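Please read the structure below before turning to the comments.
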Amino acid sequence: MTNIPATVMAAGEVIGSYHDLWHVEQSFRMSKTDLRARPMFHRTRDAIEAHLTIVFTALAVSRTVQNRTGLAVGNVIKQLRPLRSATIAINGTTQRFAPDISTEQQAILDAINNPKVTH
């Protein structure tokens, strides 16, 4: 049952939209768990809005990573967190150490950096 007139949205489209609600619910769960949006200890409107802006930005980035890799965000974080690089400067000499990236980690990074074009 909907209050949207049939001239605006056909019955099949309403049903399809209803079936896609799980995406919205998944995003709310992700914002509460993976992104730790709550509890919120802010008092002023500006601080609350800034907090929510950061959370929703992180949610958008997380969903993009999830869509590009086909992996859950927690899995991506778990696999990429160990990657570290270092730059050390001693006596005017700079030494750079790149991370040792496995084939699986490189595949994730490639998927994130090179989205598939779907036209």
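The values are calculated or read from the model by the stated rules, or taken from the named source; none is laboratory data. Quick caveat: nothing in here was measured; it's all calculated off a predicted structure. Positions of Cβ are backbone-derived with ideal geometry, glycine not excepted, and every protein chain shown enters the neighbour counts.
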Could you check, for segment 61-70, whether at least one of its residues is among the basic types (Lys, Arg), assigned to a loop (DSSP other than H, G, I, E, B) and modelled with pLDDT under 95? no
Considering only residues of segment 95-119 that are under 20 Å from the mean Cα position of the chain (by Cα) and in a loop (DSSP other than H, G, I, E, B), which is modelled with the lowest pLDDT? Thr118
Please determine, by comparing only the residues of segment 49-60 that are surrounded by 13 or more Cβ atoms within 10 Å (Cβ to Cβ) and of a type outside the set (Gly, Ala, Ser), which one is modelled with the highest pLDDT. Leu59
